[in-house]
Amino acid sequence: MKILDKYILKTFLITFTTVFVILFFIFILQTVWLFIAELAGKDLDFSIVFKFLMFSMPRIMPLVLPLSVLLASIMTFGDLSENYEFAAMKSAGISLQRAMRVLVFFILLLSIVAFFFANNVIPFAEYKFVNFRKNIAQSKPALAIAEGQFSDVGFYNIKINKKSGENGNILTGITIHKKSNIGDGGKTVIKAKNGELISSKGSSILQLILHDGNYYEDVIPKKYEDRTKMPFIKSSFKKDIINIDLSELNKVDINDESVTNTNTMLNVSELNYTLDSLHKTLKTDIISFSENINQRIGIPKETKIEVPQQKTTTALVQKTSSDSTVSKKTKIVSSKKNKAFPKDILSLFDNKQKIEILKIASSNATSTNYSIDGSEKDFINKQKNIDLHLSALYDKFVIAFACFLMFFIGAPLGAIIRKGGLGLPIVFAVLIFITFHFINTFGKRISQEGGLSPFMGAWMSSFILTPLALLLTYRATNDIGLINMDVILSPIQKIIKKIFPSQN
């Protein structure tokens, strides 16, 4: 390695390490700030809090690493330009690409490390973090009941608007969903203005005392047509006591790791295996649903329906419904091929029989529509689950490419602005990274809603900023400024000369 390469690499590494440590510390403080409400005042050991934060740290790496590369690149090459070191290099015949060569190899190595980190360390840390957080919540029920969201405690899902009191045991704005073991879909909801959590040492019972509330319970009629009326039972109370048995919750092992099925916990090979299984399951479910509908409305089993692999659930249901009508007509015509058949089938029956036939047909149509609507939602949710797994798969490659992309934006930008230090480089770095992060978040959100494919959602930010990297590299190589003012001012000057020719 030549002396120049050593000098540039050393300068970059010192800057990169400093920036990385500072940014990592800032993002750790942000993590502490996000979870301080869950951890503070909950009688948790310091070791538990430390483990909690340690497991949450790797998830911030996709933010810290690209931003550190971007800022370090701008600062390093801006400082070299500001001190006229680049001018000396160019006078010696050393181009910008030659000066960047050693750092390109370093960034390539860093990108490979980032991929392996995203593929192995982050899933493992996420696996530990989710299970550790779940176990803390189950072993500390007061911690489990968080403000503004439903919390799973025993056989109840509890949501409160506000907690107060010395130990957070005074509750305001309580909504409770009681879990039902009955498979008919009945729901029980309890709402109360305020309440109090009472527990004692040595007791496995947690008492939830509710004041000024109402009790709602769905009633599931035996007749299917009566279910559209949605009947329910309502009662009010001044005081009600719910006893929650914590005997099972207190047996929770803090180190238990039973949650293993989220997409962020899987590496590339596991995601590919899971995606293959999800695709096959969805395809099997669609075929099974189609055959069930066909049998219900009288289409022969021999009728074949092709099943698209992705995002055709709604179209498939519509196709099934339309094809069923055509097939039914075909069946009637073929069965009476050589016989006279009346155009109006109902004319063969008397009025009483017609009414019964129409009632049965209407009931079957309503039941079929309900089945189609319910299955469509289920298929859409399964497709969304597949999309989430695809996004998690692409994210592991995006973080590696983001490091490479940020370097080719930062290095030529630093050479163009010719400013080092922590002033102007931070402004540019923050603006570029916020743009990258916003587009990345926006793309993922749109893909989750079905507006984009998971591939486009994950890679949108990279596709949009890659032309910027190429443009900056071109302008820095050819000693062109960040903005060519002649391009902007020249048309204006021409217009002024035409308006005021005497001033030429």
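The values are calculated or read from the model by the stated rules, or taken from the named source; none is laboratory data. Owing to the predicted nature of the structure, the values given are computational and were not obtained by experimental measurement. Reconstructed Cβ throughout: ideal geometry from the backbone, glycine too, with neighbour counts over all protein chains shown. Each accessible area value is taken on the protein alone, full model and side chains, heavy atoms only, with ligands, DNA and RNA left out. Shrake-Rupley method; radii C 1.70, N 1.55, O 1.52, S 1.80 Å.
Is at least one residue of segment 431-441 open to solvent by 40 Å² or more (accessible area, probe 1.4 Å) and over 20 Å from VAL64 (Cβ atoms)?
So far as segment 431-441 goes, no, none of its residues is open to solvent by 40 Å² or more (accessible area, probe 1.4 Å) and over 20 Å from VAL64 (Cβ atoms).
Open to solvent by 30 Å² or more (accessible area, probe 1.4 Å), under 29 Å from the mean Cα position of the chain (by Cα), modelled with pLDDT of 80 or more and not hydroxyl-bearing (Ser, Thr, Tyr): does that describe ASP395?
Judged against the criteria, ASP395 is a match.
Go through segment 53-66 and give me each residue that's part of a helix (DSSP H, G or I) and either surrounded by fewer than 24 Cβ atoms within 10 Å (Cβ to Cβ) or in contact with a Lys or Arg (Cβ under 9 Å, 6 or more places away or on another chain) (or both).
LEU53, MET54, PHE55, SER56, PRO58, ARG59, ILE60, MET61, PRO62, LEU63, VAL64
Does any residue of segment 1-11 turn out to be modelled with pLDDT under 80 and either under 25 Å from the mean Cα position of the chain (by Cα) or not hydroxyl-bearing (Ser, Thr, Tyr) (or both)?
yes
Can you find, within segment 334-362, the residue that is farthest from LEU282 (Cα to Cα) among those that are hydroxyl-bearing (Ser, Thr, Tyr) and at pLDDT below 80?
Looking at the filtered set, the residue picked out is SER347.
Name the residues in segment 154-179 that are open to solvent by 60 Å² or more (accessible area, probe 1.4 Å), outside any strand (DSSP E or B) and at pLDDT 65 or above, would you?
Across segment 154-179, the qualifying residues are PHE155, GLU166, LYS179.
Under 9 Å between Cβ atoms, which residue pairs at least 6 apart in sequence (or on different chains) link something in segment 100-123 that is on the phi < 0 side of the Ramachandran plot with a partner that is buried (at least 22 other Cβ atoms within 10 Å of the Cβ) and not in a helix (DSSP H, G or I)?
PRO123/LEU266
When you scan segment 400-500 for helices (runs of 4 or more DSSP H) that lie fully inside it, which ones turn up with 1 or more residues that are at pLDDT 85 or above and within 25 Å of LEU108 (Cβ to Cβ)?
Counting at least 1 such residues, we get 424-448, 454-477.
For GLY93, which of the numbered conditions (1) in a helix (DSSP H, G or I); (2) open to solvent by 60 Å² or more (accessible area, probe 1.4 Å); (3) over 30 Å from ASN263 (Cβ atoms) fails to hold?
(1)
Among residues belonging to segment 27-51 that are modelled with pLDDT under 65 and out of contact with any strand residue (DSSP E or B) (no Cβ under 9 Å at 6 or more places or on another chain), point out the one that is surrounded by the fewest Cβ atoms within 10 Å (Cβ to Cβ).
ASP43
Restricting segment 118-153 to residues that are crowded, with 20+ Cβ neighbours inside 10 Å and of a type in the set (Phe, Trp, Tyr), which is modelled with the highest pLDDT?
Per the criteria, the residue is PHE129.
Scanning segment 254-302 for residues that are among the hydroxyl-bearing types (Ser, Thr, Tyr) and surrounded by 15 or more Cβ atoms within 10 Å (Cβ to Cβ), which turns out modelled with the lowest pLDDT?
Among them, the one singled out is THR264.
Which count do you get for residues in segment 366-392 that are within 19 Å of ILE446 (Cα to Cα), open to solvent by 60 Å² or more (accessible area, probe 1.4 Å) and of a type outside the set (S, T, N, Q)?
Count: 5.
Looking only at segment 212-220, decide whether some residue is part of a strand (DSSP E or B), open to solvent by less than 60 Å² (accessible area, probe 1.4 Å) and either in contact with a Pro (Cβ under 7 Å, 6 or more places away or on another chain) or modelled with pLDDT of 60 or more (or both).
The answer is yes; a qualifying residue exists.
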